[in-house]
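Please read the structure below before turning to the comments.
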Amino acid sequence: MPYPTATADDIAFFQEHGWIAVPDAIDPADLATLEERCQRILDKKESMAFDWAWEKGQDKDERQFKILQSSPTMFWPEINDEPFRAWAVQFGTALMGLELEFWYDQFLAKPPGGVSVPTRWHQDEGYWGRLLDDRGITCWMPFHDVDESNGCMHFIDGGHRDGVLAHENVAEVQSDLLECAPDESRAVACPLALGGVTFHHSKTPHMTPANTTDSWRRILTQHLK
């Protein structure tokens, strides 16, 4: 199926809200290689991934991978040649009105069985710093349907206009996980069917709930600058 082109309405929506959901953007067949690579990461998570919510006081070999984090492109650079990557750069460039390039990706998986935890409210610029002031965008791409039960994206509508909020480390974890406290009255949930993606501005506060289902929640973020 052809990949969509960002329309004037898409660009206007993104500029107003700081995020956009794009349904039916990715041909699921184009994810086959990526999914196979990410399954390898899951199978060998102790050596190929981090636990982004690793609890303080817990030994490394006792990690539960409440938020599994890795980078498939770091292990398999040929993923850069996949069609979804070129499209994400093209679509993100149109939304931002800047000439962007792929920076890095993250495979983020949440385990089943009540083990996972929410990814707290944060802004990407809270991690990236001032060098990317208003210059970053992220494409969030699930490998299956997502909703509030397994950890779909939530955004603060228009939050990209609020500046970079104060961030602090999450007290109970020993990773670099950060959190901020945005105005949650403007929160919008973005469930997606397989093939859909979201894009969000690097200043847009966002979070995902814990996975409460009996299957891994698996997504790829593609960060552009």
Suppose we keep only residues that are in a helix (DSSP H, G or I) and in contact with a Lys or Arg (Cβ under 6 Å, 6 or more places away or on another chain) within region 122-137. Which one would you say is farthest from Ile156 (Cα to Cα)? Leu132
Test: His144 is out of contact with any Leu (no Cβ under 7 Å at 6 or more places or on another chain) and not hydrophobic (A, V, I, L, M, F, W, C): no
Here is a list of conditions, (1) over 18 Å from Gln69 (Cα atoms); (2) modelled with pLDDT of 95 or more; (3) open to solvent by 30 Å² or more (accessible area, probe 1.4 Å); (4) hydrophobic (A, V, I, L, M, F, W, C), and Ala171 meets all of them except one; can you say which number that is? (2)
Top-ranked residue of region 205-225 - restricted to ones that are assigned to a loop (DSSP other than H, G, I, E, B) and touching a strand residue (DSSP E or B) at 6+ places or on another chain (Cβ under 6 Å), ranked as nearest to Phe107 (Cα to Cα): Trp216
Hey, among the residues in region 199-217 that are under 15 Å from Phe91 (Cβ atoms) and out of contact with any Leu (no Cβ under 7 Å at 6 or more places or on another chain), which one's least open to solvent (accessible area, probe 1.4 Å)? His200
In region 88-107, what residues are assigned to a strand (DSSP E or B) and either of a type in the set (S, T, N, Q) or surrounded by fewer than 22 Cβ atoms within 10 Å (Cβ to Cβ) (or both)? Phe102, Trp103, Tyr104, Gln106
Scanning region 14-31 residue by residue, those open to solvent by less than 30 Å² (accessible area, probe 1.4 Å) and of a type outside the set (Phe, Trp, Tyr) turn out to be Gly18, Ile20, Val22, Ala25, Ile26, Leu31
Taking region 175-198 and keeping residues outside any strand (DSSP E or B), of a type in the set (A, V, I, L, M) and open to solvent by 20 Å² or more (accessible area, probe 1.4 Å) leaves Ala181, Ala193, Leu194
Being open to solvent by 70 Å² or more (accessible area, probe 1.4 Å), in a loop (DSSP other than H, G, I, E, B) and either in contact (Cβ under 8 Å) with a residue 24 or more places away in the chain or not acidic (Asp, Glu) (or both) is the filter here; which residues of region 32-60 pass it? Lys44, Lys56, Gly57
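The values are calculated or read from the model by the stated rules, or taken from the named source; none is laboratory data. Not measured: the values here are computed from a predicted model. Neighbour counts run over all protein chains shown; Cβ positions are idealised from the backbone, glycine included. In case anyone asks, the SASA skips ligands and DNA or RNA and just uses the protein heavy atoms, side chains included. Shrake-Rupley method; radii C 1.70, N 1.55, O 1.52, S 1.80 Å.
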